[in-house]
Every structure is written in structure tokens, then in C-alpha cells.
Amino acid sequence: MGKLAFLQSLTGHAGRVWSSGWHPGGKIFASCGEDKTIRIWTKADSGRWTAQAVLADGHSRTIRDVCWSCCGQYLASASFDTTVAIWDKKSGEFECNATLEGHDNEVKSVTWSRSGNLLATCSRDKSVWIWEIHHHEDQEDEYECVAVLNVHTQDVKKVCWHPHEDVLASASYDNTIRLYRQDTMDNEWGPSALLESHSSTVWSIAFDATGKRLASASEDRTVKIWQEYAPDNSLGIPCPDNRPVWKCVCTLAGFHSRSIYDLDWCKQTGLLATACGDNMIKIFKEAADSNPNEPTFELLGTTAAHSQDVNKVVWNPACPGMLLSASDDGEIKLWQWNESD
């Protein structure tokens, strides 16, 4: 067991805070919300986190998501104004140096690939877009749309890249998760797997450190753990067309009383955090004696985190156990998970 210790509450946004994202170095994070602004937070010498910058000129409507590139040089923001903005500090200050257009409706999520050469976005228009980045030394970077994937039948809520491969996952109002990869023969992007088990909207998805497992959070108040099985798997699970298949190997139910809006799987500790409409954050971890093919997860801690819906949880990539949360109550909170002695 353990405890999620409260560190600090950060205010400044007007209205809901929809998302936050850590810089890969773990010493900076960004937040965004319905006030159409992005705030960049850093840790002062006193140990307190403060807003270093407020980016207010990139979008005309609610900003739904922010995500740092893995190199830490770029920040992407997704907005209800149908655009994605790309920010960098090449001039010394954060500036919006590219605006990606094409979606017909609200953009809900944005994510960078591990390689940094690809960006994915998804929208209420039911589509997932993949963008290729062409970096230039002495001129502006170019962003080229290389795929528009229309396989979901409803609003797409979340996109998430695999931690090691150029494989993309998406979650939708149509209760499903889709995986995509680039065909080695014609280089075209297309769907590679369909994950079905939830009975309502899938709000969020997160890979574990290996990329062999995926967790999903849903309106149906469950978290599901999915596992990849390769064509040569020892269990003899059929893999049509010699492609890996994904199976739901665990369902966590009965822990939250309302929709689970987000989750994040810590790449360092294996801890799984959930964010919920019941204002709670819960921490889970796979049991030590768990069967890998029929895993069991233990609830380690429950925290009444906010006074309204918790929209986002994200683990610090460099500081084990440090967690960010963002809420409808307009606050961002910092937490530290401490294992019990």
C-alpha cells in the first residue's frame, strides 16, 4: 500500500483545466483549459511551482490538450477551434510557429511519436490525422498530413503513440479502441487492430513501459488491461494475417462511481493512476504474484483529489511517483506517491 501526498495547488486558469503535460525533463509542465490559454509552469528555488509564461494568442476557443515532443523542443496544443498549434522557444520566448488545419470539428487530443517525426491528432469529426514533420535548420519546420484515418464511427477522444514503435492507438465514443501502423509495402497508414470490450465511451488510453500492454478508461466505469500477443505466442492464440492481436486480460470494475475520464501508466514504477468524475484519483499496481496472461491489479490508494471532475492525471517522466492532476474546479494539483514501509 501507500499514500498519495499532496504537494501544491496551482491556480490561474479561468474555468475548467482540461489537460496538463510534463516536459520530458520533468522540470517543466504545461496546462490548458477553457480560458483559451496555455500556462507554462516551472519550479522556483523555493521549491514552489509558478507560472513562467501564459500563451494566449494561439487559439480562439477552449484548448483541450497539450503535449510536449520527446525532444522537449516543441509543445503542441489541440483546440475546439479545429486547429493544432505548435509552439517552440527558438527565439528565446514561446511562440506559435505553425498552425495545423484540416479537422472539421473540435480537436480533442494531440500526441508526438517517440521518434519525434510524427504527430497525431483526433477530433469530434470522427477522424484521426497523422502528420509528418520535416525539420529544417535555417527555416520553419514543415508539417505534412500523411494520413486521414476514418475508421471510428463517432467522436474520437484520445490518441496515444506506442512508447517504442510508430504504432498509434485511438479511443472513441463508439466504445472501441483502434490501433494503426504503416504498411511496409506501400507505406500507407491503416488500422491494424480493433479492441472491443467496453460498453460505453472510451475516454482515455495509455501504454505501459513495454508497449505490450494498453490500459483504457471508460464511461462504463471500468479500466481494462489489454495485452499484445505476437504470431509466435506460446499460448497458441491465433493471429490472422500473421499480425499481433490484442486481448482484454483484466477488467477493473467497482472502484469508481462515475465515468473514468483519464488514466496514466507510469513508465518507471508501473503504477496506474485513474482520474474520475467522482472527483477521485485512484492508484493501482499489478500484484506481485499475478499471472501475466490473467493479471490481477491491486488498489493501493484512493484520494479525494478535487471538488469537481478530475479530467487529467499524468506521471512525471523523470521523478518517480510525482503526479499531476487537472480538474473542472480550475485547479492543477501536484502529488507524490509514497510507498508504505
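By how many nm would the segment from T269 to N97 grow when fully extended, if each residue of separation counts as 0.36 nm and the alpha-carbon distance is taken off?
Values: separation 172, 0.36 × 172 = 61.92 nm, distance 3.58 nm.
Additional length available on full extension: 58.3 nm.
Taking the solvent-accessible surface of protein heavy atoms with a 1.4 Å probe, what is the per residue accessible area of the chain in Å²?
42
Along Cα→Cβ, 7 Å out, is where each label goes; now give me the distance between the ones at S60 and N105 in nm to one decimal.
In this crude spin-label approximation the distance works out to 2.0 nm.
Give the total of Lys-Lys pairs in region 146-252 with Cα-Cα distances below 17 Å; include a pair only if its members are 8 or more places apart or on different chains. Write out the running numbers ahead of the final one.
Numbers: K157/K224; K158/K224; K212/K224; K212/K247; K224/K247.
Qualifying lysine pairs in region 146-252: 5.
Does a label point 7 Å from the Cα of N293, set along Cα-to-beta-carbon, have any residues of region 205-245 with amide nitrogen under 15 Å, and which are they?
In region 205-245, the label zone of N293 (backbone N under 15 Å from the point 7 Å along Cα→Cβ) covers 227-239, 245.
Across every pair of different alpha-carbon atoms, what Kirkwood hydrodynamic radius in Å does region 223-341 reach?
On the way: mean 1/r = 0.0636 Å⁻¹.
Evaluated over region 223-341, this radius sits at 15.7 Å.
Based on the Cβ-Cβ distance of H164 and Q8, what FRET efficiency does E = 1/(1 + (r/R0)^6) give at R0 = 35 Å, to the nearest 0.05? Could you put the intermediate results ahead of the total?
Working: r = 33 Å, r/R0 = 0.94.
After rounding, the FRET efficiency stands at 0.60.
Run the simple label-point estimate for N187 and T251 please: 7 Å along Cα→C-beta, distance reported in nm.
Spacing of the two 7 Å Cα→Cβ label points: 4.3 nm.
Using alpha-carbon positions, what is the distance between the centroids of region 278-341 and region 103-174, in Å?
So the two Cα centres are separated by 26 Å.
Show which aspartates and glutamates lie in cross-link reach of K333 when reach means a straight Cα distance below 14 angstrom and same-chain residues fewer than eight apart are skipped.
List returned: D309.
In the chain, carbon and sulfur make up what percent of the accessible area (probe 1.4 Å)?
On the way: 6330 of 14480 Å².
Carbon plus sulfur share of accessible area: 44 percent.
What value does region 214-292 have for Rg/Rh, both radii from Cα atoms and Rh as Kirkwood defines it? Don't skip to the end; give the middle numbers.
On the way: Rg = 14.6 Å, Rh = 14.0 Å.
Answer for region 214-292: 1.04.
Calculate, for D138 and E196, the FRET efficiency according to 1/(1 + (r/R0)^6) with r their C-beta to C-beta distance and R0 51 Å; round to the nearest 0.05. It would help to have the intermediate numbers written out before the result.
Values: r = 48 Å, r/R0 = 0.95.
Using R0 = 51 Å, I get an efficiency of 0.60.
Over the chain, what is the relative contact order in percent, taking alpha-carbon pairs closer than 8 angstrom and at least six residues apart?
Relative contact order for the chain comes out at 15 percent.
So how many Å³ per residue does the convex hull of the Cα atoms of region 1-105 work out to?
Details: hull volume 14.3 nm³, N = 105.
So the per-residue hull volume is 136 Å³.
Using only the Cα atoms of region 43-100, each taken as one equal point scatterer with no solvent, compute I(q) by the Debye sum, divide by I(0), and report log10 of the ratio at q = 0.26 Å⁻¹.
At q = 0.26 Å⁻¹ the computed log10 ratios are -1.11.
Principal axis extents for the chain, Cα atoms only, whole Å, descending order, please.
Largest to smallest, the principal-axis extents are 55, 54, 32 Å.
The values are calculated or read from the model by the stated rules, or taken from the named source; none is laboratory data. No experiment lies behind these values; they were computed from the predicted model shown. Reconstructed Cβ throughout: ideal geometry from the backbone, glycine too, with neighbour counts over all protein chains shown. With ligands, DNA and RNA removed, areas are computed over all heavy atoms of the protein, side chains included. Shrake-Rupley method; radii C 1.70, N 1.55, O 1.52, S 1.80 Å.
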